[in-house]
Amino acid sequence: MNTKTIVGFRLAQTTLNLLTATTAVTTQTLVSQAESCALFVASRCPAGFHLAHVLLKFLRKSFESTDIPTLSLKSTASFAAIFLQTLSDSSSTFDVFVSTILAETSAFSLALSPFPIIFLLDVLKTGKILETYASENYIDDNDSNDANDELNDDSNDDSNDKYSNDSNDGSLLNTIHTVLKLLRLFSDSIESHIPEICRILKTVTNPHTRRKSLHLLEFLVMEKSGFEKNGVKVLQGIKPFLEDCVQENVLSQLSNPNNIQRCELWNEYHDISMNRQSLRQLISLILACLGQYTAGFTPSLNLPEGHDESLDKTAILHHNLKSCVDLFANITFTPELLDMIFVIVSESDSFMFQSLLSLTRIAAIAQSSPSQWALLNQEIPSLKIFLPTDEDGNQPNLIHALFAKFINQTGKDVSILVDFLMSSETEFLEFLLVYIKYATATINSFEASSIFVSPALSAGPEKSRSCDYVVEIVSELCEKLGELSKDRTGGGGYGLFPYNPAPLIRRIQLFLDTQKQRE
């Protein structure tokens, strides 16, 4: 362990002890500690970024908690304000600091850990948490106390009084308002450097840094109005890396069970490593872009006559999304492709259900607005590879095939599905609600997808199609939910369930009735 790492650990421990102290913290001590931490982070060593990660994580947990005393929140918010302002001042501006971080990460990725990128992600996450806290506590953006004036006002010796801990709740809200303004400036600087973040994907050799960079881009896309603001830059930036992945057939390499979960890509820079976690994060980013785009899709075919598409944000977004999706245009949907995709997504239950939920929500547009979906498919034909409309004929559907594959992998064990439904660790409940509704409306493609999945051995010879044993297991699940939700105590509860499963049972029953009518 080198000297800087030791210093970072000590600074982190001392700071956390200070902020969690049960007694009031003097202003001088608070300011001194915040400035020391900021200057250490400004040195841009891995230990400094790890320190910032610990501090921002603590800040988020403090404002998410419901039992933290106002005194502690005030100390934490005051510390954050001084820390962020000192960090900005030590590097001239946030913009210069972010630019330097990204440049050094690209050039010296072998020497640096993923923590520089994790730190930028922490800034965005912290801003989101404090925005929520501010909205719940009615902190007005038009507050008469300007944050920059507060932080830069050193006209008298009492300039740090705003950080003292004998203040009331109003002072706490003013301090949070100050922190929010600084975090927004920091976030704006990160957004302005999206091309540099995308360049890291092709230049770094550390796969963990690449995965965190993809996560950072996804966060920038998923935030409020994020796709509208950042979608074009993100899509333009990831396309070269996506081309490398398709050209080197990364999916095939990483889905090979004999592979060590890593493959090598060669580009104009050097050979780079790609692991399964990075590929999953890339899939998640593409789904996020596709989901945000389809949710607010405005067909360019319907633009007013004489409209200049070159100046239209929607048209530009469409062009860039289409250029990324078209990279998959020559891929044929086969059982082998399904197996490869399943190996990658199923390695994490949470990621599998999250991905299936995203795909199903996108596909549900076909049912809620067929005309809009038809125009979308007309403009981006490659979408039909994965999400065909039901009236297109009995085409296989990736969502149905992956769900059948998942049921197959459970060994026809309904108790596993029940465990997922009762657990809050994954989005299985939300996915199943959305999926059953979607499957009910797309019975044709549900049955057509069965040819892509071998039936479970326990299904017996009479169950020759995957859709048959899926229906059988879903039917058993419906019965099991009914049994487990019976209130045997007379207390009016839901039996062994932590919530009311009646809406899910009704939706499953409608699906089973629809399936039965087709027999």
(message) Can you tell me which of (1) open to solvent by 60 Å² or more (accessible area, probe 1.4 Å); (2) modelled with pLDDT of 75 or more is the one ASP149 doesn't meet?
(response) (2)
(message) I need a count of the residues in region 219-241 that are open to solvent by 10 Å² or more (accessible area, probe 1.4 Å) and either in a helix (DSSP H, G or I) or under 22 Å from PHE328 (Cβ atoms) (or both).
(response) 11
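Can we say ILE200 is in a helix (DSSP H, G or I) and more than 18 Å from the chain's Cα centre (by Cα)?
Yes.
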(message) I need the full set of residues from region 36-62 which are of a type in the set (A, V, I, L, M) and touching a Gly at 6+ places or on another chain (Cβ under 6 Å), in order please.
(response) VAL41, ALA47, LEU51
(message) On the basis of being surrounded by 19 or more Cβ atoms within 10 Å (Cβ to Cβ) and in a helix (DSSP H, G or I), does LEU102 make the cut?
(response) yes
(request) For region 74-96, enumerate the residues that are crowded, with 20+ Cβ neighbours inside 10 Å and not polar (S, T, N, Q). (result) LYS74, ALA77, PHE79, ALA80, ALA81, ILE82, PHE83, LEU84, LEU87, PHE94
(request) Can you tell me which residue among LEU216, LEU173 is in a helix (DSSP H, G or I) and either among the basic types (Lys, Arg) or at pLDDT 95 or above (or both)? (result) LEU216
(message) Quick check on region 1-20: of everything there that is closer than 24 Å to ASP67 by Cα and in contact (Cβ under 8 Å) with a residue 24 or more places away in the chain, which residue is most open to solvent (accessible area, probe 1.4 Å)?
(response) THR20
(request) Mind counting the residues in region 313-329 that are without any contact (Cβ under 8 Å) to a residue 60 or more places away in the chain and exposed (fewer than 15 other Cβ atoms within 10 Å of the Cβ)? (result) 2
(request) Sort out which residues of region 230-253 are within 17 Å of the chain's Cα centre (by Cα) and of a type outside the set (S, T, N, Q), and write them in order of number. (result) GLY231, VAL234, LEU235, ILE238
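The values are calculated or read from the model by the stated rules, or taken from the named source; none is laboratory data. Treat the numbers as computed from the prediction; the structure is a model and nothing was measured. Cβ: placed from backbone, ideal geometry, glycine included. Neighbour counts: every protein chain shown. Heads up: the accessible areas ignore ligands, DNA and RNA and are worked out on the full protein's heavy atoms, side chains in. Shrake-Rupley method; radii C 1.70, N 1.55, O 1.52, S 1.80 Å.
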